[in-house]
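Accompanying notes for the structure given below.
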Amino acid sequence: MLSLVVLISGGGSNLRALLDASQDAEFPARVVAVGADRDADGFAHAEEYGIPTFSVALSSFADRDAWGEELLAQVRSWNADLIVLSGFMKLLPPDFVDALAPNVINTHPAYLPEFPGAHGVRDALAAGVAQTGASVIVVDNGVDSGPIISQERVAIEPGDTESSLHERIKPVERRLLIQAILDIANSRIDLKDL
Ligand code: GAR
């Protein structure tokens, strides 16, 4: 059984999908804790499932490295096999990534390496492309530049807004994330080899 710490910043709809999936006794992974860089709305999903939460706000620390150190200590205290960034919107300091690599994965609402960063959906719309996508990647020290675990295209429809497009991408992200976790748990994917 793969144990997961999930880090979020917002509503946590992808976290919710993961929690729902892990209700199935056959699902080979369990969320042991949910962390955030704020008092995230998505904590409600964790609380509903009786899963502990922790929050480490960047603004409470002198600098990003000190914040990363505390976040790392909190994450490590759960002894998880895999850390899942699911809508976690802060860049992690190198010491955090180096300590846990390659066991940190991230979901992103674009077909990487296209449209990395905090506004993947908005940037794809602004670029006027016909299709964008969703990706699940291994986190490295760049911005959404790590090895790609899986990805899928999503068409941009006439009249799409950032929100309508994002709502069509998210179900694809969820499916990719859950499949990636299944594949990691069942040793079909070895993050070290990507
Ligand atoms: C998701 O689309 C996730 O890929 C994105 O934030 C959303 C979070 O939604 N993350 C990024 O853009 C990271 N660069 P959620 O809180 O409802 O799961």
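The values are calculated or read from the model by the stated rules, or taken from the named source; none is laboratory data. Everything numeric in this text was worked out from a predicted model, so none of it was measured. All Cβ positions, glycine included, derive from the backbone under ideal geometry; neighbour counts span all protein chains shown. Areas reflect the complete protein model, heavy atoms only, side chains present, ligands, DNA and RNA absent. Shrake-Rupley method; radii C 1.70, N 1.55, O 1.52, S 1.80 Å.
Overview of values
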quantity	calculated
Failed criterion for Leu72 (all others in (1) more than 16 Å from Leu177 (Cβ to Cβ); (2) more than 17 Å from the chain's Cα centre (by Cα) hold)	(2)
Flag for Val84 being within 16 Å of the ligand (Cβ to nearest atom), of a type in the set (Val, Ile, Thr), open to solvent by less than 30 Å² (accessible area, probe 1.4 Å) and under 15 Å from the mean Cα position of the chain (by Cα)	yes
Matching residues in the stretch 23-45 - criterion: being open to solvent by less than 50 Å² (accessible area, probe 1.4 Å) and part of a strand (DSSP E or B)	Ala29, Val31, Val32, Ala33, Val34, Gly35, Ala36
Close pairs (7 angstrom Cβ cut-off, 6 or more residues apart or separate chains): touching a residue at least 24 places away in the same chain (Cβ under 8 Å) in the stretch 11-36, among the basic types (Lys, Arg) anywhere	Ser13/Lys170; Asn14/Lys170; Asn14/Arg174; Ala17/Arg174
Number of positions in the stretch 87-122 that are open to solvent by 50 Å² or more (accessible area, probe 1.4 Å) and touching a residue at least 40 places away in the same chain (Cβ under 8 Å)	8
Which numbered condition Glu48 fails, given (1) within 16 Å of the ligand (Cβ to nearest atom); (2) under 25 Å from His119 (Cα atoms); (3) acidic (Asp, Glu); (4) surrounded by fewer than 17 Cβ atoms within 10 Å (Cβ to Cβ)	(2)
Condition check for Leu191: within 15 Å of the ligand (Cβ to nearest atom) and open to solvent by less than 70 Å² (accessible area, probe 1.4 Å)	no
Selected residue (only one of Asp65, Asp20 is assigned to a helix (DSSP H, G or I), open to solvent by 40 Å² or more (accessible area, probe 1.4 Å) and touching a Pro at 6+ places or on another chain (Cβ under 9 Å))	Asp65
Filtered residues of the stretch 48-78 (kept if small (Gly, Ala, Ser) and touching a Phe, Trp or Tyr at 6+ places or on another chain (Cβ under 7 Å))	Gly68
Those residues of the stretch 123-148 which are of a type outside the set (Val, Ile, Thr) and either surrounded by 17 or more Cβ atoms within 10 Å (Cβ to Cβ) or touching a His at 6+ places or on another chain (Cβ under 7 Å) (or both), in sequence order	Asp123, Ala124, Leu125, Gly133, Ala134, Ser135, Asp140, Asp144, Gly146
Residue match in the stretch 151-164 (condition: open to solvent by 60 Å² or more (accessible area, probe 1.4 Å), more than 28 Å from Ser22 (Cα to Cα), free of Cβ contacts under 8 Å to residues at least 40 places away in the same chain and among the aliphatic types (A, V, I, L, M))	no
Residue match in the stretch 174-187 (condition: more than 10 Å from the ligand (Cβ to nearest atom), part of a strand (DSSP E or B) and out of contact with any Phe, Trp or Tyr (no Cβ under 7 Å at 6 or more places or on another chain))	no
Condition met for Ser13 (closer than 24 Å to Pro94 by Cβ and within 15 Å of the ligand (Cβ to nearest atom))	no
Residue selected from the stretch 139-155 under the condition of a type in the set (A, V, I, L, M) and closer than 12 Å to Thr107 by Cβ, by the criterion nearest to the chain's Cα centre (by Cα)	Val139
